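To start, the structure under review is shown below, and the notes come after it.
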Amino acid sequence: MNKTAEKFAATSKASLEATQALATKVQANVEKLVDLNMTTSKTALGESFAHAKAVLGAKDAQELVALQAELAKPMAEKTAAYAQDFQKIIAAASADFAEAAQANMADVQNGFTTLMENATKNVPQGTESAVAFFNQAMSASQNAFKSAQTEAQRVVETAQSNFTAASKQAVDTVKKATKTA
C-alpha cells in the first residue's frame, strides 16, 4: 500500500510541475501580446498626433485630401502586420498548450493505469469477474478519452489553419489595395 501512495505522490508532483511549466509558457505568451499591443498603441498614438498636426497645417482642400489618402495606406499595412504578429503569438501559445496537455495526460494515464494494476493484483477470491469488468471499463474510457483528445487536436489544427488562411488573405488584399492606391 505504501508503494501505491508513493506512486500517487510522484504522479501528483509530476502533474504539478507540468502545470507550473505550462503556466510559465502562458505567462510568457501573454507578455508577448502585451508588448505587441503596447508597441502598436504607442506607434499609433504618435502617428495620430503627427497626422493631426499635418492636417491642421494643411493649406487647402487638396492637401487635406492628399494627407487623408497617405494615412490610409500605411494604416492598412500596419493592421495586416499586427494581425500576422498576433496570429504568430497565438499559434505558439496554442502549440505550447497542446504539447503540454498531451504530455501531461499521457503521464497521468500511465500513472493511473499502474495504480489500478497494483490495486487489482491482490483482490479477494471470487471477485475476478468484477475486476475484469472494471479493467474493461477503464480501458474503454481511456480509448474514448484518446479519441476525444485526437479530435480536439484536429479541431485546433483546422481552426489554426483557417485563421492563418484568413490572415494571409487579409494581408494579400491589403497589399493589392495599397498598390492600386
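Each reported figure results from applying straightforward, stated rules to the coordinates on display, with no laboratory input. The structure displayed is predicted, hence computed values, not measured ones.
Odds and ends about this structure:
- Cross-link pairs beyond the 32 Å C-alpha cut-off, checked among Lys32/Lys73; Lys25/Lys176; Lys32/Lys59; Lys121/Lys146; Lys25/Lys121: Lys25/Lys176; Lys32/Lys59; Lys25/Lys121
- Taking 15 Å as the straight-line reach from the Cα of Lys3, the aspartates and glutamates in range (excluding those fewer than 8 positions away in the same chain) are Glu117.
- Using the Karplus relation 6.51 cos²θ - 1.76 cosθ + 1.60 with θ = phi - 60°, the per-residue 3J(HN,Hα) values for segment 63-77 come to 5, 5, 5, 5, 5, 5, 5, 5, 6, 5, 4, x, 4, 5, 5 Hz, with x marking Gly and Pro.
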